[in-house]
Structures are given as C-alpha cells and as structure tokens.
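All of the numbers you see were taken from the coordinates with simple rules; none came from a lab. In this text the structure is predicted, and so the values were computed from the model without any measurement. Virtual Cβ from ideal backbone geometry, glycine too; neighbours counted across all protein chains shown.
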C-alpha cells in the first residue's frame, strides 16, 4: 500500500500532544528535539553499508564495536496514533485473546485483522478515511496480535535471538552471519516493553506479574521466549526471544560450518543408529549457546525411522523428520502452586510407554538419575545435553548433586561430545565439536576413565582422529558379527555419503534424512 509505505519511511518525530483522542489534527514540530520513538539516531556519514536484503540494512558504524542492524519502523502522526489507539481500545473489549490461544501467528493476525476491519465499518464515529481502512487495521493488528516495533525482526530468518534489555536501550539481535548487533529500535518507556510481554503471555495462556516475575515459554511456531519484569529485573522489563529456525540445520550444514568434519559426522551417525543392534548412549555437553541442541537434533535425525522416539524438554525445540515421535514438554506450577509437570515426571512416564529411544533436552536434576536408570536397564541409544566445560567436568557434574548418578551407573554412558562457542580472532564467533570422549568402565565406586577419540586443534581449526581404538567399535562388533575392519570401512562409506550429499548441494532436513534413512534400511539387511 503506497499510503503505508509512505508512513513507514517517515523519519520525523511524532507530535507528543494530541488534542483529544480523535480531535484536531496535530502539526509536527519543524525541528525534532529528541530521537524519534523506536529509533536510535546515527549520522549517515558515519555509517558504511555492509549488506542489505529485503528491508534490512546492516552497517558498520564508526566508533562502535558492534554492527548496526536497521529496519524501517512505523512513525505515526499525532492524529494517526490517536485513531490507532482508539481502535485498539475498542477491539480489546470485543476480541477475546483466550479464543486465539494456540493459533499460529499468521492465523491469529488474520483473525484480528478481520475483526478490526468489521469494527471500522460499524463505527462511523471513528471517522476512518475509506481509503485508509486497511492501513489502520494493519497498524492495530500489528500492535494487538503482532510484535509491534520488533515485528520486522521476527520476520528475519537470519536472526537467532532478539534481546530487549530495558527501556532507553537499543534492542539487540544475534545474526547467524554477523553475531551480536545493535538495532535502530528503542523502547523509551518500560510500559511498552511490559505491554509486549503481557501480550505474549496472553497469547499462550500464561501470566507474568510482580508475584510471578519470570516467564519461560514457547510460542505455537516454536519460538522460545524468556521474559522478566521488576522486581526480578532491576533496570526494567527484559525480553529474550530465541527464534525457531524455519530451515533446520543438518549434518551437511555442520560440516560446512566447520563444526565437525565428514569422519566425525560418520562416526556419530554409526554410534547413533548402531546398526539397529547396539546404539550408543550419548551426552552432548558444552557452554551456553554452543549449539548443543542443534547437534542433538542432527544426531536424532539418524535414528532409524522404525523406532519409537520420546523427547522430553523444558521448552520444545527439537524438530525431527521421523514418523514415530512423541514429544513431551514440562509445565511450571499455576498461580495456586499446583499443576507442575517436571522433567523427572515425564522421564518416568516415558519408561511406561515402550520407548526405543529417550531423548532429554537438558539434564539438570533428578531426571538425569532416572535417565541413567533407563540406560542401565536395557534402553540403549539414550541422548541428552548438559552444561559443562569439559568431558571430565561432565562426569563430575553427573555424579554430584543435584543429578547424583552413582558412579557404577555412569559406565552405561558411551560418549561425551564436547561442543564450544569460540571467539576466533580470524573467523569471529564459531561453534566447534572440540572433543569426543569415550567413557571407559573401571572398578565399582570409581569415577570412569575417559579416552579422547577426536580432538579439535585450534591452531589449524580442524578436528582429528587421535588414533585410539574405540571400545564401542569392539562392542558393536560383538553385537553385529562384523569385524573391526568391516566397521572401520563402514565409517569411510558413511563419510563418503555425507560428502556426496554436500557435493550435490543436498542439505535440506527431509532430503538428507531420506538418504540416510534409505542407507540405514539397506544396512539392516547385512545383519
């Protein structure tokens, strides 16, 4: 709409005062005395354009350590803002947010848009110009059912995270290519951030206030949201949004990113499916935002399609292209302090559901004890993630409170895959599998030993085979009847398959899984 485009590209400051909600049109000051609401000022001559796509512009700004991420933001004249506010006030009395809970974002927006158009048509006293009905309906919908100022950020699939740190601060984004960046969006009033948080909470049937100032939730499209309000957050309300990637990362992507290589990918593939005879129990450990869940998702896609998989997460993030997949998600207690569903409750329940695989999104407490009980009673192929800085520390964390797994039970774990997020002076922020450590059984009541099978070399930025003989390969040989040499040849074959996928530019989740699953079916005939 030309009218909407004209308003979106305006850069003048809005009129602060309006003569009544629907009064006389206000005039704009000739010289703005403050930054336009929702936008960070920056002199054009200080910016160098780095990249542009769609409405997004990425700049290097002189004197700033972070790149600047800019998008057009709507700026309404005084009378336009007043009319939009009036529409929102009327619509909020007519539209029930509870009826829209659970709908996909686009469905919810369309429902709001249609109802607001009906309000405009049935309310002549609003004096909405006939040629501007759609503009006002879109503006009110964006505020009520969308994300307001940060709506454009949610539309950019190249962003991983969107971060609001309080009023009078720019919103930050984490870009898949440029890492952390400032944006040109600012919330100058904490009430605006709080309104956005309240809107999100209502849309998912949750609540946040002074008594319950923390919110951790998942939106219907998979987007993860964490919000805090005072008194928990001292400097005002905060909002952290982890976006759900529309195009999931695959093993081919991890190779191209340099996270691992073909040999490591093939080894983890073999360990995950285990020829259907003896799949390995694996923990992926590392620091915050090191890519643990992404790698877990990639490994889970190697599970044979005829197996029953149960995943248990605090916030559902896994995205598996498998047929027999049951998803569980924890739930916090309600306002009365009842109704909580814990991770441990779900792990225990999953054991009664004839699972072939149990996958725990993050091991933090007593659910770890239950998971290792499952490993020690014949449930092979269990996987999970853990926050840790090294393979040795992973074992120590598992053995001590609050997880408290007996040392003899730790020996059911086959591999610890260490993954780290690293600031490389040449390449910037990178994620790497830095070690694959094999757990070796020892005498009862002693901490298991570790042997490193693969180690990352930071100088060369490569992960190499240490030459150690894997005990798991020996075990797999016993269960399959294949010689060690045959299994090592199998690793080379799988590495070539992954390389061929990359050479043919096949990297989509469904396409990659179609190839790996077909190969798994063929290998079943060898046993």
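Here the gap between residue 232 and residue 65, fully extended at 0.36 nm per residue and compared with their Cα-Cα distance, gives a gain of 57.2 nm.
To the nearest ten degrees, helix 509-524 and the longest principal axis of the Cα atoms of the chain are 20 degrees apart.
Working from label points 7 Å from Cα in the Cα-to-Cβ sense, the residue 189 to residue 342 distance is 4.3 nm. Which angle between 0 and 90 degrees, to the nearest 10, do you get for helix 366-375 versus the longest principal axis of the chain when only C-alpha atoms count? Computed tilt is about 40 degrees. Compared with the dominant principal axis of the Cα atoms in the chain, helix 133-144 is inclined by about 50°.
Taking the average, over residues, of other Cβ atoms within 10 Å as the packing measure, peptides 302-310, 315-323 rank 302-310, 315-323 from highest down. Give me the Debye-computed log₁₀ of I(q)/I(0) at q = 0.25, 0.27 Å⁻¹ for region 112-188, equal point scatterers on Cα only, no solvent, two decimals. Reported log10 I(q)/I(0), two decimals: -1.07, -1.18.
Taking packing as the residue-averaged number of other Cβ atoms within 10 angstrom, the listed peptides 486-492, 377-383 run from highest to lowest as 377-383, 486-492.
Take the Cα of residue 127, step 7 Å toward its Cβ, do the same at residue 462, and the gap between the two points is 7.5 nm.
Extension gain for residue 488 to residue 396 (0.36 nm times residue separation, less C-alpha to C-alpha distance): 30.0 nm. Size estimate for region 235-393 follows the Kirkwood approach: the inverse of mean 1/r over distinct Cα pairs works out to 16.7 Å.
Starting with the highest mean, order 475-484, 130-139, 71-80 by the number of other Cβ atoms within 10 Å, averaged over the residues of each peptide.
Working: 475-484: 14.9, 130-139: 16.6, 71-80: 19.6.
Descending mean neighbour count gives 71-80, 130-139, 475-484.
Our estimate of slack between residue 85 and residue 326, defined as 0.36 nm per intervening residue step minus the Cα-Cα distance, is 82.4 nm. Could you give me the percent of Cα pairs per 20 Å distance bin for the chain, shortest bin first, beginning at zero and ending with the bin that holds the maximum distance? In order of increasing distance, the bins hold 19, 47, 27, 7, 0 percent.
Please label the shape of region 373-527 as rounded, prolate or oblate, based on the square roots a ≥ b ≥ c of the eigenvalues of the alpha-carbon gyration tensor (a/c under 1.5 means rounded; beyond that, a/b larger than b/c means prolate, else oblate).
Values: a/c = 1.78, a/b = 1.16, b/c = 1.54.
Taking the square roots of the gyration eigenvalues as a ≥ b ≥ c, region 373-527 is oblate.
For a paramagnetic label modelled on residue 521 (point 7 Å from Cα along Cα→Cβ), amide N atoms under 14 Å away are absent within region 453-495.
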